[in-house]
1. Between ALA264 and ASP302, what length in nm is gained on full extension when 0.36 nm per residue of separation is reduced by their alpha carbon distance?
2. Please give the peptides 99-107, 65-73 ranked by average Cβ packing (other Cβ atoms within 10 Å per residue), highest first, as a rough proxy for protection.
3. Find how much the distance from GLU205 to ARG51 grows on full extension, using 0.36 nm per residue of separation minus their present alpha carbon separation; answer in nm with one decimal.
4. Give the distance, in whole Å, between the Cα centre of region 169-199 and the Cα centre of region 301-317.
5. Quick one: net charge of GLY282's neighbours, Cβ under 13 Å, K/R +1, D/E -1?
6. Identify all aspartates and glutamates with a Cα-Cα distance to LYS318 below 17 Å; exclude those on the same chain that are fewer than 8 residues away in sequence.
7. For region 188-320, report the translational diffusion coefficient in µm²/s to the nearest whole number, using Stokes-Einstein at 4 °C, 1.567 mPa s, and a Kirkwood Rh over Cα pairs.
8. Among LYS318, LYS252, what is the fewest-to-most ranking by other Cβ atoms within 10 Å?
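Here, each number is a calculation from the coordinates, and none is a lab measurement. Since we're looking at a predicted model, the values are computed, not measured. Glycine gets a Cβ as well: all are built from the backbone with ideal geometry, and neighbour counts include every protein chain shown.
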Amino acid sequence: MPGKQSALRATYDAYLIGPGDALEVELQDIPEYSGVFSIGPDGTMYLPRLRGLYVEGLTVEELRYFLTQQFATYVRNPQVFVRPVAYRPIRVYVGGEVRRPGYYYLAGEQTLDDSGLAGSTSATLTSATASRSTALANPAALRPQVNPRAIRLPTVFDAIRAGQGVTPFSDLASVSVTRRQPLSAGGGKIRTSLNFLSLITEGDESQNIRLFDGDMVVVGKSPVVLREQILRAAETNLSPELIEVFVSGRVKNTTITGAQGRGAVQLPQGSSLNQAIAAAGGPRLLRGNVEFLRFNRDGSTDRRLFGYDAAAAAGSQKNPVLMSGDVIRINDSVLSASVEVLNEITGPVLTLYSLYRIFQ
């Protein structure tokens, strides 16, 4: 089928071969030189007669041309065919406004059947750390026209999900992907910009491009909280379903517990400060100001002190949209603090008096 073959060719021409890949090499009419060969950690592929050949960084088409030249020494007019049969885990950098930036390995088992179509993918994730960026670009170069059923490899969605999803300040309408080009295309790097928000709002799959080894995905940051966006993202599996915050002080429910110990409350993504206080039973009648504390990734601290306002709009100064790890404390008022002091003073006295009466 011509359509299927052209789709596969577009994918192979963009894919850079590396350690862990396995490729089927067929030398027409010479089966003893044909077979499935893997690429070792040093980027070398061992073939009959040719022995070790360094092939890391080549595209599939470049490898076919290279092997044709090499076999020409031993075979007259060699006809070489190459296709991937298993793909290595890819490593991508996920940065910008995601909950946990860093390097992530998106690993899956991709195998091709006799028709040339890829089998199912079972993805697993592990993480590391670091960063780097640069770029040049033609956006169309990062969007090869590939039949989505032909090859199932990690996409931008998988990368953002590996970075534990978005924050209230993530601007999904501004996501960039930087990719290195093969030497045959001039080398260097290219970059494209994506409106990833259209994927979760309109189902626009064209913005969820496939990722290759070495790609860098950066999510833009908004200067204001985008609560509607995070609520839409929470409807998908892009981000964890729940966040955990800490509520203490003058709240009615003093027995709340969580994974981090006393005072932890789990809430849906996009929840606000007032919702966290309500989940803790609501504020007590005698109370002081609300103290809000957030530790930012850049080392700064967002600390606010204000009066409790049950009618404050979500995302406002007195009712911020929460992130995991936020701390909320309702302080004592002058009157509630005085009552606490009296209890501390009179408590031991009453206890001693009670004991005295019992002994009498």
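1. Values: separation 38, 0.36 × 38 = 13.68 nm, distance 1.92 nm.
Extra length available between ALA264 and ASP302 comes to 11.8 nm.
2. 99-107, 65-73
3. On the way: separation 154, 0.36 × 154 = 55.44 nm, distance 4.29 nm.
Value of the extension gain: 51.1 nm.
4. 37 Å
5. Details: positive: ARG250, LYS252, ARG284, ARG287; negative: none.
Around GLY282, the surrounding residues sum to +4.
6. Result set, ordered by chain and number: GLU291, ASP302, ASP309, ASP326.
7. Numbers: Rh = 17.7 Å.
So the translational diffusion coefficient is about 73 µm²/s.
8. Values: LYS318 18, LYS252 12.
Ordered by Cβ neighbours within 10 Å, fewest first: LYS252, LYS318.
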